[in-house]
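**Q** Let me begin by handing over the structure; questions about it come next.
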Amino acid sequence: MSEPGRISIELTVNGEAHRGEVEPRTTLADFLREELRLTGTHVGCEDGFCGACTVHLDGASARSCLLYAVQAAGREVRTVESLAGPDGELHPLQEAFRRNHGLQCGFCTPGMLMSALELVESRAGGDPPDEGEIRAAIAGNICRCTGYQGIVEAISEALDDRAGTAE
Amino acid sequence: MQPLRSSEGSASTLVEAPGAAPLVGAPVARLDAARLLRGQGRYIADIERAGMLHACFVRSPHAHARLGAVDGAAALALEGVVAVFAAADLPHQPLLDSVRIEGLRKTPQPALASERVRFHGEPVAVVLASSRARAEDGAELVRVEYEPLAPVLDPEAAAAGAGPDLFEGGNLLYRGEIVAGDVEAAFAAADHVVSARYHGNRYAAVPMEARGCVAEHDPGSGELTLWCSTQGPHQLRRRLSQTIGLPESHVRVIAPDVGGAFGQKIPAHAEEVAIALAARAVGRPVRWIEDRLENLLAAPHAKEQLIETELALAADGTFLGLRARILGDAGAYSHNSTSALIEPYLSAGLMPGVYRIRDYRCEILAAVTNKSPVAPYRGVGWTAGHTARELLIEKAARQLGVDPAQLRRRNMVDSFPYESCTGMLYDSGSYVASLDRALAEIGYEELRREGGPPAAGQPAVGVGVSPYVEPTGWGSDGALQSRWSFASHDSVRIEIDPSGAVTAAVGTPSQGQGHETMLAQIVADGLGVELDRVRVVSGDTSGTPISTAGTRASRTAVVVGGALALAAEELRAKLERIAAYLLDAEPDQVRIEAGRFAVAGDSAREATLREVAEVAFYDPALRARLPDPSLSVSRFHDPPASYANGCVVALVAVDVETGAVTLRRLLSVEDCGTVVNPALVDGQVRGALAQGVGGALLEQVRYGADGTMLSGDLRRYKLPKATDLPAIELHHECSPSPFTVNGMKGVGESGAIAAPGAVAAAVADAVAHLGVEIESLPIDTDRIVAAAAAERS
Ligand code: FES
Ligand code: FES
């Protein structure tokens, strides 16, 4: 039974089952951050414009500030915390960001990674996208620090590496 | 397609922490990147304290009003709401700017408005509740009586005395003048006089992490701790101490990870003072996280200036004299960081720029209006002044029928040091070389040959050149040369613990620049140790030496890096003395390299840093020989001024039917003297260029006729997206400063200063055939479309 005004939900986050009690108005971003303490997902606007809150919902990128937590009930959420290995070793995409100076303050970075991850995973085995496609894929993620170039270079490198290993 | 990697590959290929010196000059990968990439950064919104409450501000819906009663009863009746505070509940001293410039009037700013609100969004009350959502519910129920007053929005009218007055004494806060040489004689002797006007747009830093803080007061010790998204913890501590009335010893400010700042997080913000007071009053920790609407509405804006310029030229194009009038729109308060003069005054001082101009006169005015106050934003007042001057030169070139790049070139400063007519001592530079390099890289000659009005249906293409000089590395001398009264020095401390680990403590936190890495490189080189042995800590006033100014004014490498280099040198000498004792050698025979000490000519005698540190701390016999073997060195540093330079070039295509401007190429030649970490420098240069492009093409805070702010979300206030920018092409020149440690200069603001001028000049070039002048930014595409339509019909 849930408290009055609260709804109980069950969902999978980064492969683990979670349950929680939320107000209907609680956003998925707030639920992840406040209830599950997964603070890697950042909130930059709460309006759907900046992309800092990007997570994957059932495998597709989504803005967790525009979703209510209750909308994620019964579904699978993936956040930036899922990328690195158990000992903290970086995912190849994270590694590419690090090598290419694809971050400065780091605030947009988790959302940027999740958008880039969607591109990298969806293009596995296919022709690597060109620079224009990479830029389009992250056009919904605002970075105020970098001018995007390190990010674009990092994604390009991650795509090249993937193409290299797929061959 | 453009190549993905920049033309000079060195900086985009990072190297891992190399073991051996020299590290200075190496593009070392950021030491803290992995943490941020894993999502393990710790920003303000990630900080939790036991019993913490959440705050939401009640903000004025009016631009200008008399403030009546504030009634929080209905809010307090709501479950979860713990307190509602208005100004009268939280007595404090108002915030004041500390700038000492004669003739500048002060405008006390309360943490919560009392009696009067002066801008849309000004905080009036604060609601504390068990969650942010609950606090927002409460804020909606707070009833506030307002008696609206006419808003003052036009700075020109405000300067002319139009009221109602925001403060006693009128709305004009400052009028002054810079006079150099004999400008009247210069104009009398001129063959050509060209004049222009420019309205620099009001835009804002818009860091992706908005402002925020967590305050906690310990009634037992009387200590107040504020975790705050700030650039200057010591400066904030001082302001809190002054407003709240606690000694500085009892105020601790901690800057955790900061998600971008760019100047906006330099001031002490009214909200931060209010949160500190509220936490003390309620006896529980309080967290305030600003939302995006509040950030666009009530966080400081920047850059708005009205500028009139006039250039006197000889028949051959030589600049003879320059006249200007600069009016800064300060917003509602002369803000506590840097005052109402941050825009017009700094703009006036750098107006001659890279050009040999000896006869100059500039009138400087600053007025208050009913808008959010203006504070520093990357490039500060220099952006608008630079843009106005470069557009003036562009216009002069067109009037004289000469090439704008060549007109610039013939008037450039070309020998150093050079003292500008406003008293800046340009230490060294590559002004002409950077211009020539930029022109060669963009293929200027060819672009010029192809130039001219476009064929029907084709976009109009234009190229804009924007050479710059940037005051950097502000110590007190740099500030003084900008005629700014400003304590701008640092102390640092380097310590080695008994395990041989090195900690460098500095007062300038990073907001993503990568200072920890860059400073660690300097320390590692200076000491002769491996990079991964060095940890740089910053951001906590209780553990770091004082930085009077904080992270701003492109000063960290020069001032703090310089201090660390000097401290490291001293500590290294001490280490070698101790090692000599341990190895039974003369100090001048011992050398440390990569953390190991060796005796010249005797490879058998060696010691590790750990062994030497162990001796320093625990060997009583050493104490008898060396009265102070402690492995801690503090160093104060306040370096002479230094000036970076370079040249930005933009190539644009303008669709005159839709007004759409496409930035085809953006190129910069940067010269910031000795570079510590080229990858970090490139990151700073690119980021600043992107912000400059935003200012030129997209960004503007808009107000309605009633003073309501109209651009309160990121759809209406547009930031550059990845698709708005081309791959940015960077090239480097290197003119080490003769005056600073290692020849370093600052970097990080040039693109924000010079890119708007480059883009504006490029668009002006593209649409010159339509008779359109660029007189304001962001580019007014409607005017271009209308001019094109008029030409067709
Ligand atoms: S916080 Fe979700 S898009 Fe900005
Ligand atoms: S790294 Fe700061 S916003 Fe992208």
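**Q** Just name one of B:Gly451, B:Gln399, B:Trp382: the one whose Cα is farthest towards the positive end of the charge dipole of chain B (beta-carbon charges, Lys/Arg +1, Asp/Glu -1).
**A** Sorting the options by dipole projection puts first B:Trp382.
**Q** Defining a contact as two alpha carbons under 8 Å apart and six or more residues distant in sequence, what relative contact order in percent does chain A show?
**A** Rounded, it is 22 percent for chain A.
**Q** When the Cα centres of segment B:718-747 and segment A:21-95 are compared, how far apart do they sit, in Å?
**A** Using only Cα atoms to place each centre, the spacing works out to 34 Å.
**Q** Can you give the accessible area per residue of segment A:7-82, in Å², using a 1.4 Å probe?
**A** Normalised by residue count, the accessible surface of segment A:7-82 is 41 Å².
**Q** Would you kindly compute the Cα radius of gyration of segment A:92-166 and its largest Cα-Cα separation (Dmax), both in Å?
**A** Radius of gyration, then largest Cα-Cα span, for segment A:92-166: 11.2, 34 Å.
**Q** Can you give me the convex hull volume of the Cα atoms of the protein assembly as shown, divided per residue and expressed in Å³?
**A** Per residue, the Cα convex hull of the protein assembly as shown comes to 188 Å³.
**Q** I'd like the Karplus ³J(HN,Hα) series for segment B:334-343: coefficients 6.51, -1.76, 1.60, θ = phi - 60°, whole numbers in Hz, and an x wherever there's a Gly or Pro.
**A** 7, 5, 5, 5, 8, 6, 5, 8, 3, 8
**Q** Further question: How large is ³J(HN,Hα), in whole Hz, for each residue of segment B:474-484 in order, when computed from phi with the Karplus curve 6.51 cos²θ - 1.76 cosθ + 1.60 and θ = phi - 60°, using x for Gly and Pro?
**A** With coefficients 6.51, -1.76 and 1.60, one gets 4, x, 4, 5, x, 4, 4, 5, 8, 6, 10 Hz.
**Q** For A:Leu67, enumerate residues with amide H under 5 Å from its amide H, sequence gap 5+ or separate chain, H modeled in the peptide plane.
**A** A:Leu28, A:Ala29
**Q** Next question, about the same structure. Can you give me the angle between helix A:109-122 and the longest principal axis of chain A, using Cα atoms only, in degrees from 0 to 90, rounded to the nearest 10?
**A** Approximately 70 degrees, to the nearest ten.
**Q** Let me ask something additional. Quick one: with all protein chains in place, what share of the accessible area of the protein assembly as shown is carbon or sulfur, to the nearest percent (1.4 Å probe)?
**A** That share works out to 49 percent.
**Q** Could I ask something else about it? Please give the Cα centre distance for segment B:638-675 versus segment B:125-182, rounded to the nearest Å.
**A** When both Cα centres are located, 34 Å separates them.
**Q** Would you kindly work out the equivalent ellipsoid of segment B:548-693 from its C-alpha gyration tensor and give its semi-axes, the square roots of five times the eigenvalues, largest first in whole Å?
**A** 51, 17, 12
**Q** Order these peptides, A:91-97, B:308-314, by their mean beta-carbon neighbour count within 10 angstrom, highest first.
**A** Ranking the peptides A:91-97, B:308-314 by packing returns A:91-97, B:308-314.
**Q** Give the cross-link partners of B:Lys303 among the aspartates and glutamates, using a straight C-alpha distance below 17 Å as the criterion and excluding same-chain residues fewer than 8 apart.
**A** Cα-Cα hits under 17 Å: B:Asp154, B:Glu156, B:Asp329, B:Glu343, B:Glu390, B:Glu470, B:Glu699, B:Glu749, B:Glu775.
**Q** Taking only C-alpha pairs under 8 Å that are 6+ residues apart, what is the relative contact order of segment B:621-752 in percent?
**A** 35 percent
**Q** On to the next question. What is the distance in Å between the Cα centres of segment B:355-408 and segment B:299-314?
**A** 5 Å
**Q** In chain B, which cysteines lack any other cysteine Cβ under 4.7 Å from their own?
**A** B:Cys56, B:Cys362, B:Cys421, B:Cys647, B:Cys672, B:Cys734
**Q** Tell me, what HN-Hα J-couplings in whole Hz come from the Karplus equation 6.51 cos²θ - 1.76 cosθ + 1.60 at θ = phi - 60° for each residue of segment B:698-709, using x for Gly and Pro?
**A** 10, 8, 6, 7, 10, 10, x, 4, 8, x, 7, 6
**Q** Let me ask another. Assigning unit charges at the beta carbon (Lys, Arg +1; Asp, Glu -1) and nothing else, what dipole magnitude in debye, to the nearest 20, does chain A show about its Cα centre?
**A** Using only the charged Cβ atoms, the result is roughly 420 debye.
**Q** A follow-up question, please. Could you give the size of the charge dipole of segment A:92-166 about its Cα centre, using +1 on the Cβ of each K and R and -1 on the Cβ of each D and E, expressed in debye and rounded to the nearest 20?
**A** 320 debye
**Q** Could you compute how much accessible area chains A and B hide from each other, both sides summed, with a 1.4 Å probe? Nearest 100 Å² is fine.
**A** The contact between B and A buries close to 4600 Å².
**Q** Over chain A, what portion of Cα pair distances is larger than 25 Å, expressed as a whole percent?
**A** Of all Cα-Cα pairs in chain A, 32 percent lie more than 25 Å apart.
**Q** Something else now. What would the Debye formula give as log10 I(q)/I(0) at q = 0.11, 0.17 Å⁻¹ for the alpha-carbon point model of segment A:7-82, no solvent?
**A** -0.21, -0.52
**Q** Starting from the eigenvalues of the Cα gyration tensor, five times each then square-rooted, give me the equivalent ellipsoid semi-axes of chain B, largest first, whole Å.
**A** Each semi-axis is the square root of five times an eigenvalue, giving 43, 38, 23 Å.
**Q** Quick one: dipole size for segment B:489-637, taken about the Cα centre, charges +1 on Lys/Arg Cβ and -1 on Asp/Glu Cβ, in debye to the nearest 20.
**A** In total the dipole reaches around 400 debye.
**Q** For the protein assembly as shown, what is the calculated [θ] at 222 nm in deg cm²/dmol (nearest 500), taking -39500 (n - 2.57) for each run of four or more DSSP H residues and dividing by its residue count?
**A** -8500 deg cm²/dmol
**Q** Of all trypsin sites (Lys or Arg not before Pro) in segment A:1-79, which ones are in loop regions per DSSP and have a Cβ with at most 14 other Cβ atoms within 10 Å?
**A** Here the trypsin sites (Lys or Arg not before Pro) that fit, given the DSSP loop and packing criteria, are A:Arg6, A:Arg25, A:Arg37.
The values are calculated or read from the model by the stated rules, or taken from the named source; none is laboratory data. Computed from a predicted model, the values in this text were never measured in an experiment. Because the Cβ atoms are built from the backbone with ideal geometry, glycine has one as well, and the counts that use them run over all protein chains shown. Keep in mind that these areas ignore ligands, DNA and RNA; they rest on the heavy atoms of the full protein, side chains included. Shrake-Rupley method; radii C 1.70, N 1.55, O 1.52, S 1.80 Å.
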